[in-house]
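Input: a single structure, listed below in structure tokens.
The values are calculated or read from the model by the stated rules, or taken from the named source; none is laboratory data. Remember, predicted model here, so these are calculated numbers, not experimental data. Positions of Cβ are generated from backbone atoms using ideal geometry, with glycine treated the same way; all protein chains shown enter the neighbour counts.
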Amino acid sequence: MELITSTDALAAICARLATHPFVTVDTEFLRETTYYPKLCLIQMAGPDPADACLIDPLAEGISLDPFMALMADQSVIKVFHSARQDLEIVWNLGNLVPAPLFDTQIAAMVCGYGDSVSYEQLVNDLAKARVDKSSRFTDWSRRPLTEAQLTYALSDVTHLVNVYEALMAQLEKNGRLEWLSEEMAILTSPETYQADPENAWRRLSGRLRKAKEVAVLMEIAAWREREAQNRDVPRGRILKDDALIDLATSAPRSVEALGRLRSIPNGFERSRTGGEILEAVERGLARDSATVPMPERSRGRGGSGSVVELLKVLLKAIAEQEGVAPKIIATVEELEAIAESDTAEVPSLHGWRRALFGEKALALKNGELGLALERGRVKLRHINVVEAS
């Protein structure tokens, strides 16, 4: 099994793959000790088994320009499974997002395979094959790679050819190919992969309730993100998430107060980093609380909790009836927003999701639709509002 280690060989295989309507792609990488993922291997395949290949991005002197050109080729569909991290790698290395794109995990959700279906399950169900997992957690940065590693890595893209073709056939048969376009638009947007430190607070903000706490979190989370990026280390190497929450809720304003926090390492408060944290806390406290964008979960939902529970039942019933994973129709956060407002700006009230679920959700909320049990299954019942009144 040949491992491509030169730019000329890479250019030749990319030229062949560019003649096909689609190419399957996967990567192996490490990110346990870095902020940015370290690309260790690229796998690609196409309809012709002879074009399946493995590329060593760590080979001396190799340029990935031919690979990037293929990823940018609009005439070739790029097929990934659970593409987010792979796309992040391509974005970081080449400042581009592969397009057009097809994510088999999302496609499988549209076809009724459940939320976040695994690659192994799809290979078993659609390609009638099994994936050898023994090499999954090996060190992909060490050279030489073993025969077992190479075989495992190549199977990730060769089986994906059959999975893609089977899912495409299902999507075309049930008329749901267009349903993927919205999800693919999010995945192919550069904004998805631009790690803006100013937005780092959003991942943790649901654990806070006060505007001042969120304001401090915004500053210290941005500081940590910049530090992690500059040092190329995981966020947790700078400060753990729990430490950020402690800082946001206690807002220490002195070295002594900072040192009293149990989540802060001993002596940390008197270091340069400790001083920068105190400066970030002060910037947060100086923010106008009225301008702090409070997270949705921090806002009271009043009496809408029961409405959300009804919407969950409706969502599950529709998902089962239509053979679609509930997660791709609506999230819990979206149900909460719909319970609060008929005009909530959420995906489930737009496009195919509105036709499939959103209109029924609003009808249920406004008493125009009922739920009933028939032989253990939830059924929808339209209510005549005139008669009911």
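Some points to look at:
- Pair list, Cβ < 6 Å and 6+ apart or interchain, from segment 343-354 residues that are under 14 Å from VAL332 (Cα atoms) to residues that are part of a loop (DSSP other than H, G, I, E, B): SER348/ALA330
- Positions within segment 49-63 being surrounded by fewer than 19 Cβ atoms within 10 Å (Cβ to Cβ) and touching a helix residue (DSSP H, G or I) at 6+ places or on another chain (Cβ under 8 Å), in sequence order: PRO49, ASP51, GLY61, SER63
- Looking across ALA153, ALA129, ALA148, one residue alone is in the same structural domain as ASP51 (by TED's automatic domain parsing), of a type in the set (Gly, Ala, Ser), touching a residue at least 40 places away in the same chain (Cβ under 8 Å) and at negative phi. It is ALA153.
- Checking the stated criteria, GLY175 turns out not to satisfy the condition of being closer than 30 Å to GLU225 by Cβ and either small (Gly, Ala, Ser) or free of Cβ contacts under 8 Å to residues at least 12 places away in the same chain (or both).
- Subset of segment 336-389 that is part of a helix (DSSP H, G or I) and surrounded by fewer than 12 Cβ atoms within 10 Å (Cβ to Cβ) - its residue that is modelled with the highest pLDDT: ALA355
- Count of segment 232-262 residues which are farther than 14 Å from GLU213 by Cα and either touching a Ser or Thr at 6+ places or on another chain (Cβ under 9 Å) or without any contact (Cβ under 8 Å) to a residue 24 or more places away in the chain (or both): 16
- Residue that is buried (at least 16 other Cβ atoms within 10 Å of the Cβ), assigned by TED's automatic domain parsing to the domain that holds ASP26 and either in contact with a strand residue (DSSP E or B) (Cβ under 9 Å, 6 or more places away or on another chain) or closer than 16 Å to ASP26 by Cα (or both), where the choices are SER135, SER141: SER135
- Count of residues meeting criterion [in contact with a helix residue (DSSP H, G or I) (Cβ under 6 Å, 6 or more places away or on another chain), surrounded by fewer than 16 Cβ atoms within 10 Å (Cβ to Cβ) and within 28 Å of PRO37 (Cα to Cα)] in segment 235-267: 1
- Complete set of residues in segment 62-102 that are under 18 Å from the mean Cα position of the chain (by Cα) and among the hydroxyl-bearing types (Ser, Thr, Tyr): SER82
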